[in-house]
Amino acid sequence: MIRIRTALALLLTGMTIHAQEKVWTLQECVDYAALHNPNIHYKQLADKEASVSLREAQGAWQPTLSANTSQNFGNQPYGDTKNRYTGSYGVSANWTLWNASRSNQIDLAKAQKTAASESLHEQMNSVTEQVIKAYTQILYDDESIRVNEEMLQLTESLTELAKAKFNAGQTAISDYAQMESELSNRRYSVVAARNAAKSDRLDMCALMFMPLDWNLKIDSIGVEEDAVLAPLPSWQSVFEMATKNRPEMKIAALGVEKAETQTKVAKASFMPSVNVGANIGTSNMEKSDIDFAEQIKNNWSNSIGLSVSIPILSGYSNRAKVEKAKIALEEAKTENLVAERQLSQTVQGYWLAANNAQQSYKAAKEKARSARISYELVSEQYEAGLKTPTDLMSAHATLIEAELQTLQAKYMAYFNVNMLRFYAGESIL
């Protein structure tokens, strides 16, 4: 038993370690969120409900059949037979042959089902965009930690050098204190970068609807420069593809289609409906000279009939339905135009942000290269006593700023390039 428990404990420990060492790629994060995000689950349920409503609308054309029976006990205090028990038994069928409103209800239910499916697709796209953004932020966080740690190591080296100069009487205590202050700032920057990485990882876990883990491991292989500086398609071509494929545009078009069908439904209230019905039944009565079987036979009856209902006056109710439906149609057309304009603004915004970030990345990268060369020269001159600590710290601050600007531009470009590809229906980089 002890061996079994030990083996089980080792197995569970191994599983835990394996789970903790799981490294998530971007696509894995997207797929996991698609399966577990509750907002997507709500849309899936709405899609199923729309399917049920469509079957319900289609089933309204099928005939109905019902069986009925009634058992009654009557009392006649002043009659010959004071108490009497009666029973009746029957089957009724009804079938709507024509109803313009019901016919259009099927078209409406089909449009609503399609809209529900596209709404699910839209929600999945929304979650995917959020995951891409969160994943990119974590990539930036991890590289920001690396840069800040490198800057901390440089600052520690400079502080040790300043300490040695101070001990040798080659620098003033104010200069040494200034270096100690800068070292404290660099340590704070590292802590802040690590805390930001933990916070953003918690946000990613919440988005994926998984247990919170601020040590979530992602595939932090450096983003290649080809992905950052990928050639940008024209925003017009991206907009054209997005207009054809994005679910929000399909939903807007379906809104117009549903409003047109609602208008037909409203107009159908002026049209007649035709129904056919059939009934069979029999009855019996207690305390009769005729036995039960004979009563059932003699009271047997069959009937079939056709009914036509023609609306004549509705007190403006039907006309009001038509007028409201026309107003809703105009609103749907306006919403369609608004959706198209919003999509255009979104695509142009991503294109402009990607283009600006690419240009900023190139400039920042050159600035960082120059800043590093300048810092190395100032550092050598400082060691030789030709530069003051203030000069060295100024060059150091310029280098840090340039490195962080390069990172920001790099991941801004990476994110916006991916968004353009996503809106164009292409795979992300």
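Is it the case, given these coordinates, that GLU260 is closer than 22 Å to TRP61 by Cβ and acidic (Asp, Glu)?
yes
Scan (1) part of a helix (DSSP H, G or I); (2) more than 30 Å from VAL91 (Cα to Cα); (3) not aliphatic (A, V, I, L, M) for the single condition GLN295 breaks and write down its number.
Here GLN295 clears every test but (2).
Conditions first: (1) under 15 Å from THR388 (Cβ atoms); (2) modelled with pLDDT of 90 or more; (3) not acidic (Asp, Glu). THR171 passes all but one, so which condition is the exception?
Condition (2) is where THR171 drops out.
Considering each of VAL378, VAL308, VAL338 in turn, give the residue that is in a helix (DSSP H, G or I) and closer than 30 Å to ALA266 by Cβ.
VAL338
Take ALA384 and tell me if it is in the same structural domain as LEU420 (by TED's automatic domain parsing), surrounded by 13 or more Cβ atoms within 10 Å (Cβ to Cβ) and of a type in the set (A, V, I, L, M).
No, not satisfied.
Right, LEU207: closer than 26 Å to LEU120 by Cα, free of Cβ contacts under 8 Å to residues at least 60 places away in the same chain and part of a helix (DSSP H, G or I) or not?
When the stated conditions are applied, LEU207 does not pass them.
Can you tell which of ASN195, ASN125, ASN185, ASN148 is part of a helix (DSSP H, G or I), at pLDDT 85 or above and in contact with a Pro (Cβ under 8 Å, 6 or more places away or on another chain)?
ASN125
In segment 270-291, how many are under 24 Å from GLY305 (Cα atoms) and surrounded by fewer than 17 Cβ atoms within 10 Å (Cβ to Cβ)?
Summing the residues that are under 24 Å from GLY305 (Cα atoms) and surrounded by fewer than 17 Cβ atoms within 10 Å (Cβ to Cβ) in segment 270-291 gives 11.
Can you spot a residue in segment 409-426 that is within 22 Å of ASN185 (Cα to Cα), at pLDDT below 90 and part of a loop (DSSP other than H, G, I, E, B)?
no
Restricting attention to segment 369-378, and to residues there that are surrounded by 20 or more Cβ atoms within 10 Å (Cβ to Cβ) and of a type outside the set (Val, Ile, Thr), which single residue is modelled with the highest pLDDT?
Ranking the candidates gives ALA371 first.
Based on what the data block shows, is THR159 assigned by TED's automatic domain parsing to the domain that holds HIS396, crowded, with 16+ Cβ neighbours inside 10 Å, more than 36 Å from the chain's Cα centre (by Cα) and not in a helix (DSSP H, G or I)?
no
Just to be sure I understand the filter: pairs with C-beta atoms under 7 Å, separated by 6 or more residues or on different chains, first member in segment 28-57 and without any contact (Cβ under 8 Å) to a residue 60 or more places away in the chain, second member of a type in the set (Gly, Ala, Ser) and surrounded by 13 or more Cβ atoms within 10 Å (Cβ to Cβ). Which pairs pass?
Close Cβ pairs satisfying both conditions: LEU54/ALA109; ALA57/ALA109.
Here are some conditions: (1) exposed (fewer than 12 other Cβ atoms within 10 Å of the Cβ); (2) assigned by TED's automatic domain parsing to the domain that holds LYS264. LEU329 meets all but one. Which one does it not meet?
Here LEU329 clears every test but (1).
GLY349 passes all but one of (1) within 23 Å of LEU139 (Cβ to Cβ); (2) of a type in the set (Gly, Ala, Ser); (3) modelled with pLDDT under 90; which number fails?
(3)
The values are calculated or read from the model by the stated rules, or taken from the named source; none is laboratory data. Just so it is clear, the model here is predicted, and its values are computed rather than measured. In this analysis, Cβ positions are derived from the backbone assuming ideal geometry, glycine residues included, and neighbour counts consider all displayed protein chains.
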